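A quick write-up on the structure given underneath.
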Amino acid sequence: MASRRTFLSFLAGTAVAPHLAFGQGRSPGLALYANVGPVLTHYDADLVNAELIQRDSVRLPAAVQYAWPHRDRRHFYVASSDNVPGNVQTGAEHHVTAFRIDPITGALSQLGDSMRLPARPIHLTLDNESQHILVAFNNPSSLRVYRVNKDFTPGAEVPQGAMDTGIYAHQVRVTPDGGHVVLVTRGNEGTSQTPEDPGALMVFDYKAGVLSNQYKIAPNGGRGYGPRHLDFHPTEPWMYVSIETQNQMHMHRMQGGKPLPEVVFNTTTLLEPSNIRSRQAASTVHVHPNGRFVYGANRSQDVVDFNGKKVYKGGENSIVVYSINQRTGQPSAIQHIETQKIHPRTFHIDPSGRMLVAQHNQPVDVRDGDKVRTVSAGLSVFRMSADGKLALARTYDVDVRDKSMWWMGMVPL
C-alpha cells in the first residue's frame, strides 16, 4: 500500500493550520471517510475546531464509487470499480466490500472477500433493517439487491421480476417507512450528435429484498428532467430532489410512504441562473438533521485556452442553503457560499448538524491575472450555525496525482 504521503498532501486553507499529525487533536465520536482512487482514508472529525485529523487508510480493489454504513454503525459497505465515469464500459473490476468499523477509533478492517459485481456500481444503500444491500448501476442502468450475511459480509443476490430501470441510474434510496425504494435515473443531456435521453424517478414497493409494483415519476415525459440525487425530510412526508442538468431543487410530497408525482415546489440552485459561464450541474442534496434546512451543491469546471494552458472558464462552485417552510415544505434559498475549490461533487453533514464537508474531485488550473495557478482537489469544511447558514472554516488540499476523489461521508461512532 502506498504511504499516506504519496497520495495526500494536506495544506490549511485558512490562517489556522489544522492538526494533521497522528495522535493530535483527537475528537472521538465521529469518523469521516474520503477516497483518492482505491484508497479510502479515515479521519477524526473535530466538531469543536471544525478540523479533520488524518488517521489511517484501507485499499479497495478499484476506485471507490460510494459507501453506506450498517444501521449498527459497526459495519460499512463500499462499492468500487475500475470503470471510468460516463456511459462507456471500460473496466472489469467491480465489487462491494464489507468492513468493520472500530467503535472507538473509527478504523476500518475488511470482512471476508470483496463480492464481485457485473458492472460499475455507481451507488449503493442498505434497507432500513440493514438486511439487504441495494446497488444501482449506471450502464447498463439497473438495480440489484443482495442479502447481508449473518457475518455482515455481502451475500447472495435476491431474484427480482421484470422492471424498468430507466437510463443512467445514479442513486437508490429506501423510503423512511422502509416499504418503498426510489431509483433516481438521470438520463443524458442531448448533444449535436445524439438526442436527449429522458430522466425519471422509478418507485417500487419493497419487502424483504423484493421490488414490486413499480411506477414512474417523469415530468414532461422525462424531457428536460435530469434528476441526480434525493433526500427525505426526517419527520415530514417531503422529498427533495436535485435536478442536475436543469440546476433545480424539486420538492415532492409523500403519501402512504411513497412520493407523489407532482413537483410541488421547483426552485433554482444557482445564484445567477441568467449568467451561465460554463456547464453547471447540480449534485448532491442533504436535508439538515433538524429538518429546517436543505442543502444542495453547484458544480462547474469547463476550461478555455489561456497562454497555452487550459484554465477554468468560470461559474458557480457553491453550496446553496434553503430554509424549509415547516408548514408546506417549500425550500427558499437563504445563502449561496463558494466552496473555494472547483467541482464539489459531493458533501455530507455530520449527524449533529454542526459541520458540513464538501469534496472536490480533481485539480483545476485557474487564471490569476497574467499567471496560472492550480486549485487543488480536496475538502472544504464549513461550520453550520443555528440559522442554517454556513461559514467556511478551512480547506484541505489533496494531491490526487492521476486519481480522483469521488466519495466522502461521515459516520457517528
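Picking from residues in the stretch 319-366 that are hydroxyl-bearing (S, T, Y) and out of contact with any Ser or Thr (no Cβ under 8 Å at 6 or more places or on another chain), the one that is nearest to R401 (Cα to Cα) is S352.
Could we say that R367 is in a loop (DSSP other than H, G, I, E, B) and surrounded by fewer than 22 Cβ atoms within 10 Å (Cβ to Cβ) here? The answer is no for R367.
Cβ separations smaller than 6 Å between residues 6+ apart or across chains give the following pairs from the stretch 359-374 residues that are within 16 Å of D302 (Cα to Cα) to residues that are surrounded by fewer than 17 Cβ atoms within 10 Å (Cβ to Cβ) and polar (S, T, N, Q): P363/T374; D365/T374. Every listed requirement among (1) over 30 Å from D399 (Cβ atoms); (2) over 16 Å from the mean Cα position of the chain (by Cα); (3) of a type in the set (V, I, T) is met by V294 save one, (2). Is it the case that the stretch 239-256 has a residue that's of a type in the set (S, T, Y), outside any strand (DSSP E or B) and either in contact (Cβ under 8 Å) with a residue 40 or more places away in the chain or in contact with a His (Cβ under 8 Å, 6 or more places away or on another chain) (or both)? Yes: the stretch 239-256 contains one or more residues that are of a type in the set (S, T, Y), outside any strand (DSSP E or B) and either in contact (Cβ under 8 Å) with a residue 40 or more places away in the chain or in contact with a His (Cβ under 8 Å, 6 or more places away or on another chain) (or both). Condition check for H250 on (1) buried (at least 19 other Cβ atoms within 10 Å of the Cβ); (2) more than 22 Å from the chain's Cα centre (by Cα): one failure, at (2). Filtered by the rule that a residue be in contact with a strand residue (DSSP E or B) (Cβ under 9 Å, 6 or more places away or on another chain), small (G, A, S) and part of a loop (DSSP other than H, G, I, E, B), the stretch 287-313 gives G291, S300.
Listed here are the residues, each with its yes/no results for (1) small (G, A, S); (2) under 23 Å from the mean Cα position of the chain (by Cα); (3) within 20 Å of L124 (Cα to Cα).
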{"site": "A208", "(1), (2), (3)": "yes, no, yes"}
{"site": "P219", "(1), (2), (3)": "no, no, no"}
{"site": "R228", "(1), (2), (3)": "no, yes, yes"}
{"site": "T235", "(1), (2), (3)": "no, yes, no"}
{"site": "M239", "(1), (2), (3)": "no, yes, yes"}
{"site": "T269", "(1), (2), (3)": "no, yes, no"}
{"site": "S274", "(1), (2), (3)": "yes, no, no"}
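Summed over the stretch 264-290, the residues that are surrounded by 17 or more Cβ atoms within 10 Å (Cβ to Cβ) and either of a type in the set (A, V, I, L, M, F, W, C) or touching a His at 6+ places or on another chain (Cβ under 8 Å) (or both) give a count of 9.
Across the stretch 395-406, a minimum of one residue is classified as closer than 30 Å to R100 by Cβ, in a strand (DSSP E or B) and either among the aromatic types (F, W, Y) or assigned by TED's automatic domain parsing to the domain that holds N275 (or both). With respect to M163, determine if the residue is farther than 25 Å from A31 by Cα and at pLDDT 95 or above. So M163 fits the description; yes.
The values are calculated or read from the model by the stated rules, or taken from the named source; none is laboratory data. Being a predicted model, the structure only gives us computed values, none of them experimental. Note: ideal-geometry Cβ built from the backbone for every residue, glycine included; neighbour counts use all protein chains shown.
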